[in-house]
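The values are calculated or read from the model by the stated rules, or taken from the named source; none is laboratory data. Bear in mind that the values here come from a model prediction, so they are computed numbers and not experimental data. Methodologically, a virtual Cβ is constructed for each residue, glycine included, from the backbone with ideal geometry; neighbour enumeration extends over all protein chains shown.
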Amino acid sequence: MKLLISVFLLIVTIQANTIKPYYSIEASGNVIDIVIVDDMLAVSTDRGTIEAYSITSKEQIMLNQFPMIKDFMGDDIYPKVFSTDYLKLTKEYLAVVQGVSGSRELFIIKDNKKTRLISEKEKLFISKAKFVDDNHIMVALLSNEYILFDIKKRKKIYSKHISYSHFSDFMLSVDKKTLVGSSESGEITVLNVKDGTIIKTLKGANVDNVYKVDIKNSKVLAAGQDRRGTVYDLGTGSYSRFDSNFLIYAGALSPSARLAAFAFTEDNDIVIFDILLNKRLYTLKGQKSTLNSIVFIDEENLVSGSDDKFIMMWKLK
């Protein structure tokens, strides 16, 4: 009898900690990147769009479509928008867009008008770009090179080649002074944004490609191909490690860095961990495809995107 009660309580506990999305937004194409600024959720897709939605009303507030391009077979295709960002100060969106022959272009969008900053003619294989301020953009190339780009002068201030390992991801700190970047080596590079100097290298937690990184409140998250979700202390270099049975394609920290979210299972479940207690808190079920983006809105709400059109919205409490 005691065993049955124990099993029943375990089942109830598991069910109580399982969360379903409370809402989903359908984008124009498969979601590639997600950015949240205040009440606005910006999305880039593989159908050549930058889209924005109000988190409160769930209504679309912006849609910008890039024209079709020719692929290597000469067919018309929509360009993938690999990365996006939004600068509240100037009300501008940023877009890294697929060009011909594998190269990429960089655009700023304001009032639904596009301005090209970097042309495909420059043959730069841009992977990701983010605003630093109203005149500077951090650009990352697939070759694991970082470029601080001056918008007004249309030229680079510096370029920093980190290593010969293939670039994976980068994230800027909230104050935009520090960059954390990852590659297939498993090491995390911590960079001074202003001058490109390497502050330190975080290593030991991951031994293979780190797909996604995040930085909040002196904590650095790494989501790894080695099935390890890790969180470093930026000051000491020590880390917590959460092992999965599947590749961890995405991850994110809450604003306080108390919580870490990882794409944790083959069924595309997101698992929420309490970093301080080193404890698993919630399992988020309902994502339909392989996860590529997780972003916290605040300590109790987050959104996620995957290799389909649906952006899931989750509430932890």
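Can you tell me which residue among S127, S218, S183, S159 is touching a strand residue (DSSP E or B) at 6+ places or on another chain (Cβ under 6 Å), within 27 Å of I275 (Cα to Cα) and hydroxyl-bearing (S, T, Y)?
Of the residues listed, the single one that is touching a strand residue (DSSP E or B) at 6+ places or on another chain (Cβ under 6 Å), within 27 Å of I275 (Cα to Cα) and hydroxyl-bearing (S, T, Y) is S183.
Could you tell me whether segment 140-156 includes any residue that is closer than 23 Å to G251 by Cα, among the charged types (D, E, K, R) and in a loop (DSSP other than H, G, I, E, B)?
No, segment 140-156 contains no residue that is closer than 23 Å to G251 by Cα, among the charged types (D, E, K, R) and in a loop (DSSP other than H, G, I, E, B).
Name the residues in segment 188-200 that are surrounded by 15 or more Cβ atoms within 10 Å (Cβ to Cβ) and either within 15 Å of S238 (Cβ to Cβ) or in contact with a Gly (Cβ under 9 Å, 6 or more places away or on another chain) (or both), would you?
Within segment 188-200, I188, T189, V190, L191 qualify.
Of these, K121, K113, K91, K128, which one is under 26 Å from S173 (Cα atoms) and either free of Cβ contacts under 8 Å to residues at least 24 places away in the same chain or in contact with a helix residue (DSSP H, G or I) (Cβ under 8 Å, 6 or more places away or on another chain) (or both)?
K91
Can you find a residue that is loosely packed, with under 13 Cβ neighbours inside 10 Å, among the aromatic types (F, W, Y) and at pLDDT 95 or above anywhere in segment 141-161?
There is at least one residue in segment 141-161 that is loosely packed, with under 13 Cβ neighbours inside 10 Å, among the aromatic types (F, W, Y) and at pLDDT 95 or above.
If you scan segment 253-300, which residues turn out to be of a type in the set (G, A, S) and out of contact with any Leu (no Cβ under 7 Å at 6 or more places or on another chain)?
Within segment 253-300, S254, S256, A257, G286, S289, S293 qualify.
Evaluate segment 57-79: report whether one residue or more is buried (at least 21 other Cβ atoms within 10 Å of the Cβ) and closer than 30 Å to L284 by Cα.
Taking every residue of segment 57-79 in turn, none turns out to be buried (at least 21 other Cβ atoms within 10 Å of the Cβ) and closer than 30 Å to L284 by Cα.
Is it the case that some residue within segment 16-32 is out of contact with any helix residue (DSSP H, G or I) (no Cβ under 8 Å at 6 or more places or on another chain) and at pLDDT below 95?
yes
Can you say whether S218 is surrounded by fewer than 19 Cβ atoms within 10 Å (Cβ to Cβ), of a type outside the set (A, V, I, L, M) and at positive phi, as far as the supplied structure shows?
It is true that S218 is surrounded by fewer than 19 Cβ atoms within 10 Å (Cβ to Cβ), of a type outside the set (A, V, I, L, M) and at positive phi.
Taking segment 269-293 only, how many residues are farther than 18 Å from N17 by Cβ and buried (at least 19 other Cβ atoms within 10 Å of the Cβ)?
Qualifying residue count, segment 269-293: 3.
Might you check whether a residue that is assigned to a strand (DSSP E or B) and closer than 26 Å to I109 by Cβ occurs anywhere in segment 190-200?
No; the residues of segment 190-200 include none that is assigned to a strand (DSSP E or B) and closer than 26 Å to I109 by Cβ.
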